[in-house]
Amino acid sequence: MHAYKTVWKIIYPSVYSLIRNREEAEDIMQDSIIKGFSRLEDLNDPDKYMGWQKQICLREALTRLRSRKGSISLIEDIAEEETEEPNVDLSMIDERMIQNHIDKLPEGYRLIIQLHLIEGMKHEEIAIATGIGASTSRSQYSRAIQRLKKELLQQYAGQF
């Protein structure tokens, strides 16, 4: 029971941040942990259990996202305006404020930032998990970061 609670505590926030629905995230966790425990013989290195279990949970979350919408929409048609960026040190912005801005991004952008920046997945892994190309993942990530930076700069310009 201790291992179950530890896995839940560490992985649930990542699943919830992708799914955005408490009940569905809990279902995913329950199903994925059972799946992981039933496939322990497939794990070659017990020291890598947590990362292995997290991948099972994240893959299940992405599968549920695809089934919910039919596909994960990652391409956003956004007209990017060229603006002169004020000289702002983004490292001075509180991490919670940055997360709030990430949460407000379009789903495709938010998903790519979550998977690459926060979960540490490589673009090739994101491509496999979402059904897009690795180059699409990279370009979406770049656009998402540009948009996030633009929004942060607009909100916090002159405060630092």
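The values are calculated or read from the model by the stated rules, or taken from the named source; none is laboratory data. Everything quoted here is computed from the prediction, not taken from an experiment. Cβ atoms come from the backbone with ideal geometry, glycine included; neighbour counts cover every protein chain shown. For accessibility, only protein heavy atoms count, side chains too; no ligands or nucleic acids. Shrake-Rupley method; radii C 1.70, N 1.55, O 1.52, S 1.80 Å.
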* **Among the residues listed as I34, I28, the single one being at pLDDT 90 or above, touching a Lys or Arg at 6+ places or on another chain (Cβ under 7 Å) and of a type outside the set (G, A, S)** => I28
* Structure fact -> Taking first residues from the stretch 143-158 that are in contact (Cβ under 8 Å) with a residue 40 or more places away in the chain and second residues anywhere that are in a helix (DSSP H, G or I) and of a type in the set (S, T, Y), the pairs with Cβ under 8 Å that are 6 or more apart or on different chains are R143/Y109; R147/Y109; L148/Y109
* Members of the stretch 96-130 found to be modelled with pLDDT under 85 and small (G, A, S), listed by number -> A129
* Structure fact -> So, first residue outside any helix (DSSP H, G or I) in the stretch 41-59, second residue open to solvent by 40 Å² or more (accessible area, probe 1.4 Å) and not acidic (D, E), Cβ within less than 6 Å, six or more apart or across chains; the pairs are L43/W52
* Residues of the stretch 117-150 being open to solvent by less than 50 Å² (accessible area, probe 1.4 Å), assigned to a helix (DSSP H, G or I) and either basic (K, R) or under 17 Å from Q99 (Cβ atoms) (or both), which ones? -> Y141, A144, L148, K150
